[in-house]
Every structure is written in C-alpha cells, then in structure tokens.
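Below is one structure, written out as structure tokens; comments come after it.
The values are calculated or read from the model by the stated rules, or taken from the named source; none is laboratory data. Quick caveat, the model's predicted, so the values are computed rather than measured. A quick note on method: Cβ atoms are made from the backbone with ideal geometry, for glycine too, and the neighbour counts reach across all protein chains shown.
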Amino acid sequence: MSGLVFEQDSGIFNSLRWRQVGPFRGGRVVAVTGHPTRSQVFYFGSTGGGVWKTEDAGWTWHNISDGFFGTASVGAIAVAESDPVVIYVGMGESCIRGNVAHGDGVYRSDDGGKTWQHAGLPDTQHIARIRVHPHDANVVYVAALGHVYGPNNERGVFRSRDGGKTWTRSLFRKQRRARERIVQNVRRRRHLGRADQQPGPPRWHEGPHRCLRVASDAGASLGHRRS
C-alpha cells in the first residue's frame, strides 16, 4: 500500500530501561553475537573467561568453552548465518590497553558450542573480527591484530574456504601493520572492507598509520582506499 505514512510515537519507549543480565563476574567483553533465528540465544566472549551462552535472553548463562580452549581471552565471535550451529571464535582481546591477554588462534564448533576444535592461526595472538559468508559456513574471514608488543608475520586478513582447515593471507603489508576491522557489504557479498593500524606500546593505545582498504573480489585483494 504505497503512499501511506506511519508515525511512531517516541514516547512508547520511555518506559524501557537497560538492565544487567549477567554473568556478574564475566569481566570485560569485546565479542558478542546472537543466533540469527532464535531471538533468545546469545553468545559472548570475555577477555579472560572464554565463551558463554544464554538460551533465555540473559536470565541464565553457562560457559561452553572450558576444557576445549587453550587460552581464555576472546577477541571475536561469529555465528554462521547459513548454518547457525557453526560458530567461530578468535582468541586474544584486541582492545589495546595497559594490560591485554593474548590468544592462540581460531576455534570452531559444529554443534552450537557443545564441542570445539582448534582451527589454526595460533600465532595471531589477538584477533579483532571474524566474518562468515552468509551463504557458506566454510568461508570465513579473520582480521588479526597480531603481536601487540612486537612484529610478527601471522597478522593481517586471512581467508579460509574449508572451515578453517587451511588459510590464505589475503592482505599483509608489514610485520608491524595490523588489521582491526573487517566488514562485508550486506547486498554485495563479494565486497569487503577493513581498517588497520600500526599497534604500539600500551601507552599509545592506538598506533600511527591507520587506513581503510576495500575489495570487490571476496577478499582476494584489499586495495588501499584512504589513510
């Protein structure tokens, strides 16, 4: 019915208030995601306590990573839209601060978090973002910050087409240049963008040489757009 305009009364939301839904000792959190079709299922990764899951919109939480992960700090988490039982977790908090905890790469679950398998990239240490292709749960992109306190080779943007069994690095400039963000165009799935910076000592919090890069070939190449 074209031509109709509906006005929304902004006062309808005045009675809504944010509330703490726990867990109360989860610590800092930089990774949160939800189930694409189950509105009460959420996951979060804490910076020192692994991955937690709720199935009742936050009333109760339980840890689903203990006994499987080699490290406790989580930097990124993503649920596959096409197959929501597939979950990827990137280890190592990526929010640079006075004290950070490193991780040991990527983990994957094929049963909604009941069990986990290590999926490579162990020397990335700090993973900032994970993006899963909306139509293929085995195609996944990782933006790795890398070592905070020094140069290393396992940093940049990585892509896997086999669910994490093998990885190719689609972008790497310098041993000190890191990737912090990676996003996917919701309409043009082959279009990706990422932001990077050069990390430094914690007193800097953010290093110099930040820039944005884009690709229209599903991440095979990420060209410089703006700095």
- Message: It is to be established whether one or more residues within segment 98-108 are out of contact with any His (no Cβ under 8 Å at 6 or more places or on another chain), closer than 15 Å to G45 by Cβ and in contact (Cβ under 8 Å) with a residue 60 or more places away in the chain.
- Response: no
- Query: If you go through segment 126-158 one residue at a time, how many are at pLDDT 90 or above and either assigned to a loop (DSSP other than H, G, I, E, B) or polar (S, T, N, Q) (or both)?
  - Reply: 8
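Check L145, L121 and return the single one that is surrounded by fewer than 24 Cβ atoms within 10 Å (Cβ to Cβ) and among the aliphatic types (A, V, I, L, M). Reasoning before the result, please.
Numbers: L145 fails: surrounded by fewer than 24 Cβ atoms within 10 Å (Cβ to Cβ).
Checking each option against the conditions leaves just L121.
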- Check segment 9-21 and report whether any residue there is among the aliphatic types (A, V, I, L, M), modelled with pLDDT of 80 or more and not in a loop (DSSP other than H, G, I, E, B). no
- Message: Of all residues being buried (at least 17 other Cβ atoms within 10 Å of the Cβ) and either under 20 Å from C95 (Cβ atoms) or of a type in the set (S, T, N, Q) (or both) in segment 159-175, which is modelled with the highest pLDDT? Just the residue, please.
- Response: S160
